[in-house]
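Presented below is the structure to which this report refers.
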Amino acid sequence: MPTAPIGRPGPSGGPGARAARRRSGGWPAAFRPVPACNLAAWHLNNSLYELIIRFMNLFWASPRRVSRPARAMKATDPLFVTALARGLEVLRCFTPARGELGTTEIARLTGLPQPTVWRLCKTLAALGYLVPTANDKLRVGAAALLLGYAVVAQTGINDYAVPLMKAAADALGTTVLLAERHEASMVVIQRCEPAQVRRVMLHIGSTVGLTDSSLGLAYLAAQPPAERERIIAGLQAEGRWDAGGGPGRLRAALDDYQRHGAVFMRYPQENFTAIGVPVQPADRHRTLVLTCGASDALFTDAHVAATVAPTLKRLAAELAPLLIRR
């Protein structure tokens, strides 16, 4: 891929410029609070850049300073590498809504000292995971796409599940999504749209909550009681459990799942209904969740019971063997 100069115009050589670069340690402008030099960088088109961001979110959720599991591991595991964890925290700052960030913003999001952030960003840029932009900020590099694609490819979804999901989307007339849990969120890992588009505004890498979505509630309903309680205790410890509405939604989801093998989430203000169906192999070592949704005018109770839920349940049964440990 060709490179092109970026940054503010000005001479790139001469004694003054070389002295400035020596004083700055050769650091690109994006890595310092005061920009000082130009550099060349890869120019990715917008569609590829969005794809990279979405693939990143398959396994990097929004940062919360340092995640609770990371804190616990750091305190108990002598093999825990703090520098690596900090680098991943930096990458987790980038989302579709935060496509470009400066080091000051990254320091604020992660809670790390700014000199540490500068060093981490310089290292990540040298490896291709971050790319300096023309406005002295950073964005995700193409190297992240390789990691994100590996997450999707190893599940077998691209080869097997997509045609089945596409057939279900065409039959139901709405977008069908597949998601997996990451900490306190469900992350969309695949989506298929119908030929006559009625789109759900969630893309690969989008995240939704465990207790306020059909994806999350279906995931919780499918867990053994002890595992479900463990997850809820973790949400409570992190302040992510909605004590007001969470218990009621979970009770309704458990009732739906016991009676229908699916979870129904209704949004009265939007006149929208979503259905979640877990995908579990026989050994139950892993759980994905299928969902689709549409307006109440299309997804009437009779249509949901007779067509939508059975279609998603058949799809879940076809996908479940993909998740069996090999």
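The values are calculated or read from the model by the stated rules, or taken from the named source; none is laboratory data. Note that the structure is predicted; figures quoted are calculated from it, not measured. Cβ sites come from the backbone with ideal geometry, for glycine too, and all protein chains shown count toward neighbours.
Number of residues in segment 284-313 that are assigned to a loop (DSSP other than H, G, I, E, B) and either polar (S, T, N, Q) or buried (at least 21 other Cβ atoms within 10 Å of the Cβ) (or both): the value is 3. Scan segment 78-123 for residues that are aliphatic (A, V, I, L, M) and part of a helix (DSSP H, G or I) and jot them down. Once the filter is applied, which keeps residues that are aliphatic (A, V, I, L, M) and part of a helix (DSSP H, G or I), segment 78-123 yields Ala83, Leu84, Ala85, Leu88, Val90, Leu91, Ile106, Ala107, Leu109, Val117, Leu120. Screening segment 131-179 for residues that are surrounded by 14 or more Cβ atoms within 10 Å (Cβ to Cβ) and acidic (Asp, Glu) and picking the one that is modelled with the lowest pLDDT gives Asp136. If you go through segment 235-283 and pick out every residue that is outside any strand (DSSP E or B) and touching a residue at least 60 places away in the same chain (Cβ under 8 Å), you end up with 2. The number of residues in segment 191-205 being modelled with pLDDT of 80 or more and either outside the structural domain of Asp159 (by TED's automatic domain parsing) or closer than 19 Å to Val279 by Cα (or both) comes to 2. Quick check on segment 216-224. Is at least one of its residues surrounded by fewer than 18 Cβ atoms within 10 Å (Cβ to Cβ), out of contact with any His (no Cβ under 7 Å at 6 or more places or on another chain) and closer than 28 Å to Pro163 by Cβ? No, segment 216-224 contains no residue that is surrounded by fewer than 18 Cβ atoms within 10 Å (Cβ to Cβ), out of contact with any His (no Cβ under 7 Å at 6 or more places or on another chain) and closer than 28 Å to Pro163 by Cβ.
Of all the numbered requirements in (1) touching a helix residue (DSSP H, G or I) at 6+ places or on another chain (Cβ under 9 Å); (2) more than 18 Å from Met186 (Cβ to Cβ); (3) of a type in the set (Val, Ile, Thr), Thr300 misses one, and that requirement is (1). With the condition kept exactly as written, say whether any residue in segment 124-135 is of a type outside the set (Asp, Glu), under 30 Å from Asp242 (Cβ atoms) and not in a loop (DSSP other than H, G, I, E, B). Taking every residue of segment 124-135 in turn, none turns out to be of a type outside the set (Asp, Glu), under 30 Å from Asp242 (Cβ atoms) and not in a loop (DSSP other than H, G, I, E, B). When Arg228 is tested against (1) of a type outside the set (S, T, N, Q); (2) surrounded by 16 or more Cβ atoms within 10 Å (Cβ to Cβ); (3) in contact (Cβ under 8 Å) with a residue 24 or more places away in the chain, only condition (3) is not met. Exactly one residue among Thr116, Thr133, Thr95 is touching a residue at least 40 places away in the same chain (Cβ under 8 Å) and more than 18 Å from the chain's Cα centre (by Cα), and that residue is Thr133.
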